[in-house]
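K.L.:
Supplied in structure tokens, the structure appears directly below.
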Amino acid sequence: MTKIQKLLVANRGEIALRIMRTAREMGIRTVAIYSEADRQSLHVRYADEAVCVGPAPSSESYLRADVIIEACQKLGVDAIHPGYGFLSENAGFASAVRRAGLIFVGPSPESIEVMGSKLAAKAAVAAYHIPMVPGTPEAITDREAAKKTAAQIGYPILIKASAGGGGKGMRIVEREEDFDEGMERAVSEATSAFGDGSVFIEKYVTSPRHVEIQVLGDQHGNIIHLFERECSIQRRHQKVVEEAPSSVLTPEIRAEMGRCAVEVARACGYYGAGTVEFIVDDQLNFYFLEMNTRLQVEHPVTEQITGIDLVKQMIYIAEGKPLDIKQEDLKINGHAIEIRVYAEDPANNFLPDVGTLETYVRPQGNGIRVDDGFEQGMSIPIYYDPMIAKLVTTGATREEAIEKMIRAIDEYRITGVQTTLPFCRFVMEHHAFRSGQFDTHFVNHYFTPDQ
Ligand SMILES: Nc1ncc2cc(-c3cccc4ccccc34)c(N3CC[C@@H](N)C3)nc2n1
Ligand SMILES: [Ca+2]
């Protein structure tokens, strides 16, 4: 066991601040990294020490693994927390951190590697009888054979890039006559996007819900799940509204999905915080899709209903501590909803809107959590994800969480940039959302930009 005394957070914005807050509660000293564009940002001011890692573009700063590791050695840092995005699912970085004698607050490079390839993930899981959509277990090498398999599976099918994920590198093929062209395009897109043209086929589940299970594993083989998050309200594979628990799962299906998620984690010897993604069809059948080996943006809704601080657990696990939480001790307490507040203009096809937060007043009160990285007067840098904040409300019931969300959105005062707040309010008021009857096509179905 190694007690971490000094932690470098290799990230920026709200997640960097969020991680540093937990570290501070644990008596751990914090080091921030920042690009020249983030010199004045909050996470830099909050940290005990801060290091400029380069110019604004991420490739020259937040992705500079060598500069980040060098900074650790210079400052006597023990561990690095990668947050999400940037280097958080980069097996090479996790290995380099290890080789430098530092602790990577995350899973092993091997787990990151396996789960980074959709096919390797499916192969690792195959022996565990986890429901997966019908499809080809291997990358397509023989197109005629693949065409036969597609006919057996039945159209529509999805052609997916093995190196893809998060919706990138997926093509729907509705009919057999479109197969050849669909395959051509899928391979060329995967080759240009990921440098890896290997693709596989799956039966397309037409109106799925996106439900994911949070798992926590320690370095002694203990793995638990912390129930599900529903993330079906997405726009172009960018989640906008997430909630925990899901409004459709029954206790039986929840327990079964949780068991499967733990088995997926076990299949790759997982430790740390991870998320197992499923899609759920309208008959409430669920299918394993992929595993994310990072802390996710939407992790707060899980924290709110379980009372577990996931960053604290990640740090304990990285220190080699055995989990001090038993599965049977975990209960769902209440309902939490998160909306992501982006500096984007819903009336202008959600284009990023640059500008300065002339007014920035957060909502407050019982059941309101705001994870953000900005103060009034700050401008939104154009170089990074334009997320301003995550607004999380927690109520005893889903209805109460929705009421709180509507009240909080109305209290949130932001001028100087357009934001997605009006769109989120539209969702909270919509009968399809309120009744729980929605799927991943919600935004396309119900939101026309001129509204
Ligand atoms: N066989 C099969 N059928 C339906 C699917 C539906 C999704 C999906 C999941 C979540 C949101 C979506 C929005 C539009 C289109 C698809 C989705 C999906 N995803 C999207 C990103 C990655 N997590 C995998 N895979 C699917 N696979
Ligand atoms: Ca993913």
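K.L.:
Spin-label point model (7 Å from Cα, Cβ direction): what's the Arg39 to Arg185 distance in nm?
P.N.:
Computed distance between label sites Arg39 and Arg185 equals 4.6 nm.
K.L.:
Another question, then. Distance check, please: which entries in Lys122/Lys147; Lys3/Lys326; Lys3/Lys331; Lys203/Lys390; Lys331/Lys390; Lys6/Lys326 exceed 31 angstrom between their Cα atoms?
P.N.:
Lys203/Lys390
K.L.:
Could you compute the FRET efficiency for Arg259 and Glu138, with r as their C-beta to C-beta distance and R0 at 30 Å, rounded to 0.05?
P.N.:
Taking R0 as 30 Å, the efficiency between Arg259 and Glu138 is 0.65.
K.L.:
Could I ask something else about it? List, largest first, the extents of the alpha carbons of the range 51-184 along their principal axes, each in whole Å.
P.N.:
60, 36, 21
K.L.:
Then there's this: In Å², and per residue, what accessible area does the chain have when probed at 1.4 Å with the other protein chains present?
P.N.:
40
K.L.:
When the Cα centres of the range 128-171 and the range 172-240 are compared, how far apart do they sit, in Å?
P.N.:
First find each Cα centre; the distance between them is then 11 Å.
K.L.:
At 0.36 nm per residue, minus the direct Cα-Cα distance, what do Ala126 and Leu351 gain on full extension? Give it in nm, one decimal, please.
P.N.:
Between Ala126 and Leu351, full extension yields 76.9 nm more.
K.L.:
Something else about it: Would you calculate a helix-derived [θ] at 222 nm for the chain, using -39,500 (n - 2.57) for each DSSP H run of n ≥ 4 and dividing by the full residue count, to the nearest 500?
P.N.:
-9500 deg cm²/dmol
K.L.:
Work out the P(r) tail for the range 130-233: percent of alpha carbon pairs separated by more than 20 Å, whole number.
P.N.:
When all Cα pairs of the range 130-233 are counted, 47 percent exceed 20 Å.
K.L.:
If you roll a 1.4 Å probe over the chain with all protein chains in place, what percent of the accessible area is carbon or sulfur?
P.N.:
49
K.L.:
Let me ask another. Restricting to Cα pairs below 8 Å that are 6+ residues apart, what does the relative contact order work out to for the chain? Please round to a whole percent.
P.N.:
14
K.L.:
Still on this model: Along the three principal axes, how long is the range 206-326 when you take its alpha carbons, biggest first, rounded to the nearest angstrom?
P.N.:
Principal extents (largest minus smallest coordinate, Cα): 42, 25, 24 Å.
K.L.:
Separate question: So what's the range 412-451 giving for Rg/Rh, alpha carbon basis, Kirkwood Rh from the mean inverse pair distance?
P.N.:
The Rg/Rh ratio comes out at 1.03.
K.L.:
List the relative contact order of the range 251-364 as a percent without decimals, with contacts defined as Cα pairs under 8 Å and 6+ residues apart.
P.N.:
17
K.L.:
Something else: Could you give the spread of the C-alpha atoms of the range 205-254 along their three principal axes, from largest to smallest, in whole angstroms?
P.N.:
In descending order, the Cα extents are 39, 25, 21 Å.
K.L.:
Enumerate the amide H contacts of Val199 below 5 Å, restricted to partners 5 or more residues apart or on another chain; note that Pro and chain-start residues carry no placed amide H.
P.N.:
Under 5 Å from the amide H of Val199: Ile140, Ser162.
K.L.:
With bins 20 Å wide starting at 0, give me the P(r) of the chain over every alpha carbon pair, in whole percents.
P.N.:
Calculated P(r), rounded to whole percents: 24, 59, 17, 0.
K.L.:
For the range 338-451, compute Rg over Rh where Rg is the Cα radius of gyration and Rh is the Kirkwood radius from the inverse mean 1/r over Cα pairs.
P.N.:
0.97
K.L.:
Just need the relative contact order of the range 72-144 here, percent rounded to a whole number, with Cα pairs under 8 Å and 6+ apart.
P.N.:
Value for the range 72-144: 24 percent.
K.L.:
Now a separate question. Starting at the first residue of the range 346-357, write each ³J(HN,Hα) from the Karplus equation 6.51 cos²θ - 1.76 cosθ + 1.60 with θ = phi - 60°, in whole Hz, x for Gly and Pro.
P.N.:
With the stated coefficients, the range 346-357 comes to x, 7, 10, 6, 6, 5, x, 10, 7, x, 10, 6 Hz.
K.L.:
Ok, one more. With all pairs of different alpha carbon atoms counted, what Kirkwood hydrodynamic radius in Å does the range 1-125 show?
P.N.:
14.8
The values are calculated or read from the model by the stated rules, or taken from the named source; none is laboratory data. Here the structure is a predicted model, which means the values were calculated and not measured. A quick note on method: Cβ atoms are made from the backbone with ideal geometry, for glycine too, and the neighbour counts reach across all protein chains shown. Note: accessible area is taken over every heavy atom of the protein model, side chains too, but ligands, DNA and RNA are not part of it. Shrake-Rupley method; radii C 1.70, N 1.55, O 1.52, S 1.80 Å.
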